[in-house]
Amino acid sequence: MEPGKNEQKPSGQGSTPFAQTYFHGTRADLQVGDLIEVGYNSNYGQKKHAKYIFLTATLDAAIWGAELAFGDGRERIYLVEPTGAIEDDPDLTDKKFPGNPTKSYRSTHPFRVVGEVTSWQGHPIEHVNMMKEHLERLKEQGINSLNDE
């Protein structure tokens, strides 16, 4: 990670009613206590081994993550706790959008699964299909994720 880049450090206090809640949307079947780590095939971009893992502080962004993830597994949203520093995801922040409206972050440090959101409403299928088509057009144009660099 680049030093000085809107980096946040976990509090180390574990989950409390006052701690920031983070979500991770995926199709992976995980259990409480499991670690989500770098090095696996990415759900996005060029499907390379992921250099980063991602989390968000908004349920809506996590829903998009689950809906757009590759694979046939059930869409899932996990509550996660970072084990190290996190930084803004450049695909969704100042490089493409002002600020960080989706509160999306990345890290090279694992996230610990602390729970699962089991009741959530997905986006209308038409919106999901439009987003998938948009991502496919970007890929065809050679526009890749900043996280693939």
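Structure summary
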item	result
Burial ranking of peptide ranges 115-123, 83-91 (average Cβ count within 10 Å, highest at the top)	83-91, 115-123
Order of Phe70, Phe54 - criterion: other Cβ atoms within 10 Å of each residue's Cβ, fewest first	Phe70, Phe54
For Val80, distant residues with modelled amide H under 5 Å away	Tyr22, Phe23, His24, Val114
Additional length obtainable on full extension of the chain from Leu59 to Met130, 0.36 nm per residue less Cα span	23.6 nm
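Just so you know, all these numbers are worked out from the coordinates, no wet-lab data involved. As the structure is a prediction and not an experimental result, all values here were calculated from the model. Positions of Cβ are generated from backbone atoms using ideal geometry, with glycine treated the same way; all protein chains shown enter the neighbour counts.
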